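Trainee: Next up is a structure, given as structure tokens.
The values are calculated or read from the model by the stated rules, or taken from the named source; none is laboratory data. Since the model is a prediction, treat every value here as computed from it, not as a measurement. Cβ coordinates were reconstructed from backbone atoms using ideal geometry, including for glycine residues, and neighbour counts include every protein chain displayed. Each accessible area value is taken on the protein alone, full model and side chains, heavy atoms only, with ligands, DNA and RNA left out. Shrake-Rupley method; radii C 1.70, N 1.55, O 1.52, S 1.80 Å.
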Amino acid sequence: MTEVSKFFFGNANSATKLILNLRFIRIIAVILVGAGLSMAGATFQSVFNNGLASPNILGVSTGASVGAAIAILNNAPIYIIELAAFVMGVVTVVLTLVIDSFLHSKSSIGLILSGIIMSGLMQSILGSVKYVADPEDQLQSIVYWEMGSFMKVDKQALYSVGPVIIVGIIFLLVTRWRLNTLSLDLATVKTIGINPRLNRNVMIAFATLLTAAAVCLCGVIGWIGLVVPHISRQIVGDDNRYALPMSAVVGSVLLLISDTIARSISVNDIPLSIVTGFIGVPIFIFILIKGRNIGV
Amino acid sequence: MFSLVTSNLSFSYKDSNTISNVDLKVESGQVLVILGPNGIGKSTLINCLSGVFNNYHGSIKLDGDELKKISSKELSHKLALVSQGVNINTNLSLFDYLLLGRSSFHSIFSQPNKIDEELVDKVIDRIGLDDLRSTSLQNMSGGQKQLASIGRALVQEPKLLIMDEPTSALDYKNQVKVLKLVKRLSDQGIAVVMSTHDPNQATMVASNVGLLMSRETYHQGSTEEILNDEYLSKLYQTPIISTFNEVLQRNVFGIGMG
């Protein structure tokens, strides 16, 4: 432990540095991203009262990676990449909601459709960015971003993005009871004395912030934000006062397992989304078969 | 004495669902039943009275204060809306669902406390759902959900309860359960406004009845003076005939086939 603390203060010996650089930074990043994405997913699902809502399905992840890709294309520094990812994540969510409002859909299918539409658009933009990117280094970075990996996460990246994720996690943790209220219909929320629009937007902003920050650090990771909240609710029930902290724990553990598999299965790291897909899909099918009401 | 009084209340959507010139009054301990056919604007009226639509014209006075000018937090401590139970779509347990009625008593950063939890337990007892305290609303019947919805409203400790067709999706047994609860609440001094399309329910619980005859015409009066065959037949554009039932000791309304 003393070696670990020395490492953070910059005076560890080189062997410790090497091990910690390789492993410790990566583990911290995985825990933060796993918790962050899962809590963002749980938040989206509550706010939209829709069990299919997740950072990926709403288009946030793809939007954020478009932002990051455009910033990379312009050789921007890391904090600009972060900001661009966040801005594009927010833009995508807002557009998804705008399209949904035009659909006048009574069920939540409208929201899912809008998310698919926006994801499609963002995919195309991402494709265009890749097309014009410098194949030597930019393209590689963008592709890395698209598939998700912790391979390139270093101390500097963690120090710049980690605090943002921590702030997002803390905010959602302390406001988690309000999420229960927001899962009710608008008229009821209003007469309960809560401003539905303001509260929703704040929650969506923080969930988007978490997603965008996660995308900055390790690219797009599928399934975690969708599946983990469902697993957690199976364990502790639907009350977000318990489901949200549980999502953070389950998300961290699941992503740690996935990342361990991703880096040990072959000589090179395989992209993380491949692993989370193989783990997430069967779990999700199981949840659907068990007949859980996912609010669609 | 708490009161809700509207004068010249009008509301219009961009396309339809207009109501105009509604003069309505209800006080503590009274039950005002609003009758009207489907699509006449009962829900619009309910949404105006409960502050969901606050771009109405005319005035709605709660204890003398204009409803529009009351903050939503303060309003939630005065009145509560009971939405149609069948529409509740949540996996929360009954207890956690009722607890949400305390939301505006706390800031966004805080959690419910012991006092809130004790209050919720009392209300669960009051609505008679003690056995279902930890049952998910998803696994409840329509009637139980409706009682839960009333319970959530009661947790707000309102002086006025506004209910949008609380019995429309329920079988007779559950209708009676809800109506009995309404009666009990008004006996305890709560003012109740409820909409329905069944005049028989009005004779069971109402102290006053309001008829939403058309989008432009609203009549309110005591149950005896308003609930007659002529008014009701006109209201529903169907012959409605009442007979006095000796056993029930009240008028029962039957529908003719025209």
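Trainee: Name the residues in segment B:100-146 that are among the aliphatic types (A, V, I, L, M) and farther than 25 Å from A:Arg233 by Cα, would you?
Mentor: Selection gives B:Ile115, B:Leu119, B:Val123, B:Ile127.
Trainee: Now for a separate question. Filter segment A:147-192 down to the residues that are within 14 Å of another protein chain (Cβ to nearest Cβ), open to solvent by less than 10 Å² (accessible area, probe 1.4 Å) and not polar (S, T, N, Q) and list them by number.
Mentor: Listed by number, the residues that qualify are A:Leu172, A:Trp177, A:Leu179, A:Leu182, A:Val189, A:Ile192.
Trainee: Tell me, which residue of segment B:244-258 that is touching a strand residue (DSSP E or B) at 6+ places or on another chain (Cβ under 7 Å) and open to solvent by less than 100 Å² (accessible area, probe 1.4 Å) is farthest from B:Leu9 (Cα to Cα)?
Mentor: The initial filter retains those residues of segment B:244-258 that are touching a strand residue (DSSP E or B) at 6+ places or on another chain (Cβ under 7 Å), namely B:244-245, B:251-256.
Pick out the ones that are also open to solvent by less than 100 Å² (accessible area, probe 1.4 Å) and you get B:245, B:251-254, B:256.
On the way: B:Asn245: 37, B:Asn251: 31, B:Val252: 32, B:Phe253: 30, B:Gly254: 32, B:Gly256: 33 Å.
Looking at the filtered set, the residue picked out is B:Asn245.
Residues checked against (1) under 15 Å from A:Ile31 (Cβ atoms); (2) small (Gly, Ala, Ser); (3) over 18 Å from the mean Cα position of the chain (by Cα):
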| site | (1), (2), (3) |
| --- | --- |
| A:Arg197 | no, no, yes |
| A:Ala248 | yes, yes, no |
| A:Val267 | no, no, yes |
| A:Pro271 | no, no, no |
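Trainee: Tell me which residues, restricted to segment A:52-71, are surrounded by fewer than 24 Cβ atoms within 10 Å (Cβ to Cβ) and more than 15 Å from the chain's Cα centre (by Cα).
Mentor: A:Ile70, A:Ala71
Trainee: Going residue by residue through segment A:20-37, is there one that turns out to be surrounded by 22 or more Cβ atoms within 10 Å (Cβ to Cβ), in a loop (DSSP other than H, G, I, E, B) and not aliphatic (A, V, I, L, M)?
Mentor: no
Trainee: Which residue is surrounded by the most Cβ atoms within 10 Å (Cβ to Cβ), if the candidates are limited to segment A:222-235 and must be among the aliphatic types (A, V, I, L, M) and away from chain B (no Cβ under 14 Å)?
Mentor: Keep residues of segment A:222-235 that are among the aliphatic types (A, V, I, L, M), which gives A:224, A:226-228, A:231, A:235.
From the residues that got through so far, the ones that are away from chain B (no Cβ under 14 Å) too are A:224, A:226-228, A:231.
Details: A:Ile224: 33, A:Leu226: 24, A:Val227: 25, A:Val228: 31, A:Ile231: 19.
Residue satisfying both the conditions and the ranking: A:Ile224.
Trainee: Just give me the residues in segment A:193-209 being within 12 Å of chain B (Cβ to nearest Cβ), in a helix (DSSP H, G or I) and hydrophobic (A, V, I, L, M, F, W, C), in sequence order.
Mentor: Once the filter is applied, which keeps residues that are within 12 Å of chain B (Cβ to nearest Cβ), in a helix (DSSP H, G or I) and hydrophobic (A, V, I, L, M, F, W, C), segment A:193-209 yields A:Leu198, A:Val202, A:Met203, A:Phe206.
Trainee: Return only the number of the condition from (1) within 12 Å of chain A (Cβ to nearest Cβ); (2) within 20 Å of the chain's Cα centre (by Cα) that B:Tyr56 does not satisfy.
Mentor: (1)
Trainee: Something else: What strands (runs of 3 or more DSSP E) lie completely within segment B:1-111 and have 3 or more residues being crowded, with 20+ Cβ neighbours inside 10 Å?
Mentor: Fully inside segment B:1-111 and qualifying: B:3-11, B:19-27, B:31-35, B:79-82.
Trainee: Let me ask another. Considering only segment B:128-150, how many residues are away from chain A (no Cβ under 13 Å), open to solvent by less than 50 Å² (accessible area, probe 1.4 Å) and part of a helix (DSSP H, G or I)?
Mentor: Residues flagged as away from chain A (no Cβ under 13 Å), open to solvent by less than 50 Å² (accessible area, probe 1.4 Å) and part of a helix (DSSP H, G or I) within segment B:128-150 amount to 5.
Trainee: May I ask you to list the residues in segment B:135-187 that are over 23 Å from A:Ala187 (Cα atoms) and touching a residue at least 60 places away in the same chain (Cβ under 8 Å)?
Mentor: Listed by number, the residues that qualify are B:Lys183, B:Ser186, B:Asp187.
Trainee: Go through the residues of segment B:212-223 one by one and say whether even a single one is under 13 Å from the mean Cα position of the chain (by Cα) and among the basic types (Lys, Arg).
Mentor: The answer is no; no qualifying residue exists.
Trainee: Let me ask something else. If I filter segment A:236-286 down to residues being in contact with a helix residue (DSSP H, G or I) (Cβ under 6 Å, 6 or more places away or on another chain) and open to solvent by 60 Å² or more (accessible area, probe 1.4 Å), which single residue comes out as nearest to A:Ile224 (Cα to Cα)?
Mentor: The residue in question is A:Ile261.
Trainee: Among helices (runs of 4 or more DSSP H) lying entirely in segment A:65-157, which contain 2 or more residues that are over 30 Å from A:Ser264 (Cα atoms) and among the β-branched types (Val, Ile, Thr)?
Mentor: Helices (runs of 4 or more DSSP H) meeting the threshold: A:78-103, A:109-132.
Trainee: Quick one: would you say B:Leu99 is aliphatic (A, V, I, L, M) and under 18 Å from the mean Cα position of the chain (by Cα)?
Mentor: On the way: aliphatic (A, V, I, L, M): yes; under 18 Å from the mean Cα position of the chain (by Cα): no.
Criteria not met by B:Leu99.
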